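The structure appears below as structure tokens.
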Amino acid sequence: MPIAPLLAKIDQERLRDLRAQYGTLPSDSPGLWRHYAKYLDVEKHMRQNVGRAQDLDLHRQPRQRILDLGCGGGFFLFVTQSLGHDGLGLDVAGIPIFDSLVEMLRVDRRICKITGFEPLPELDGKFDLVTAFATAFQGGREDSWRWGAAEWDFLLTDLKRQLNPGGRIFFELNAAYGGQYYTPQILEVFLKHGGVMERERVLFTKESARG
Ligand SMILES: C[S@@+](CC[C@H](N)C(=O)[O-])C[C@H]1O[C@@H](n2cnc3c(N)ncnc32)[C@H](O)[C@@H]1O
């Protein structure tokens, strides 16, 4: 799937403005904002998300309704929208680079903080695919807390409730557990929900569960 037609859809003047505004933030601005300045490399992130969409076979699927958890700048939803799918992103607000990228890429985002043991809000119907790439809601290197097995179990049970029959859940996990993607206890929960693991990637279907 060529990325040139995707890049051609981007407002270059707006992108230049964003690079000027956020490309070199002062050293006293929040560390996360400076870290996320890497998302201004639009070509790199477009290419990465084309790969993600293709790995999920979305270039061959009929119209899917997609929910992307922690959607960041919205690149994945932008790519999948270009493939004819419908997307909704969930993310926290207040990270200016992401707020601006989501607006520039014209993707639909709802502000929602994913929190352990709290169900997702009602999202106006069910989804065929729920994704979460480079996940951060479970805690990261800079946090003193991490989700345990019970929080993951709650999230997976809740996400399956949001799926259409045959629907899929796909996580691309960050290595949040001392450099590991999950603990043995979390692995047990993933297996209970029928997860198929390949390094940082975990795939479930609505119906999958350990037999
Ligand atoms: C590393 S970025 C990944 C962004 C995007 N998924 C990607 O791969 O390009 C992690 C994202 O998770 C979001 N995030 C972190 N904690 C969250 C929470 N509790 N609920 C929702 N989003 C969260 C961040 O704001 C950020 O957009």
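The values are calculated or read from the model by the stated rules, or taken from the named source; none is laboratory data. Predicted, not measured: the structure shown is a model, and the values here were computed from it. All Cβ positions, even for glycine, are placed from backbone atoms using ideal geometry, and neighbour counts span all protein chains on display.
The strands (runs of 3 or more DSSP E) falling completely within the range 64-166 that include 1 or more residues that are loosely packed, with under 15 Cβ neighbours inside 10 Å and near the ligand (Cβ under 10 Å from one of its atoms) map to 109-111.
Based on what the data block shows, is Gln162 in contact (Cβ under 8 Å) with a residue 12 or more places away in the chain, under 25 Å from Lys38 (Cα atoms) and polar (S, T, N, Q)? Here the answer is no, as Gln162 does not meet what is asked. Can you work out which of the residues in the range 50-63 that are part of a helix (DSSP H, G or I) and in contact (Cβ under 8 Å) with a residue 40 or more places away in the chain is farthest from the ligand (Cβ to nearest atom)? Residue satisfying both the conditions and the ranking: Gln54.
In the range 98-114, the residues that are touching a residue at least 40 places away in the same chain (Cβ under 8 Å) reach residues that are more than 10 Å from the ligand (Cβ to nearest atom) with C-beta atoms within less than 6 angstrom, at least six apart or across chains, in these pairs: Ser100/Leu18; Met104/Arg14; Leu105/Phe78.
Restricting to the range 123-149, name every residue that is among the small types (Gly, Ala, Ser), farther than 16 Å from Met197 by Cβ and in contact with a helix residue (DSSP H, G or I) (Cβ under 8 Å, 6 or more places away or on another chain).
Scanning the range 123-149 gives a single hit, Gly148.
Per the listing Leu67, Leu32, the residue uniquely at pLDDT below 95 and either among the hydrophobic types (A, V, I, L, M, F, W, C) or out of contact with any helix residue (DSSP H, G or I) (no Cβ under 7 Å at 6 or more places or on another chain) (or both) is Leu32.
Being more than 16 Å from the ligand (Cβ to nearest atom) and within 15 Å of Phe78 (Cα to Cα) is a property that Ala4 has. Residues of the range 167-177 that are of a type in the set (Gly, Ala, Ser), buried (at least 19 other Cβ atoms within 10 Å of the Cβ) and in a loop (DSSP other than H, G, I, E, B): Ala176 alone. Only one of the numbered conditions (1) of a type in the set (A, V, I, L, M); (2) away from the ligand (no atom under 16 Å from the Cβ); (3) under 18 Å from Ala53 (Cα atoms) is violated by Val202, and that is (2).
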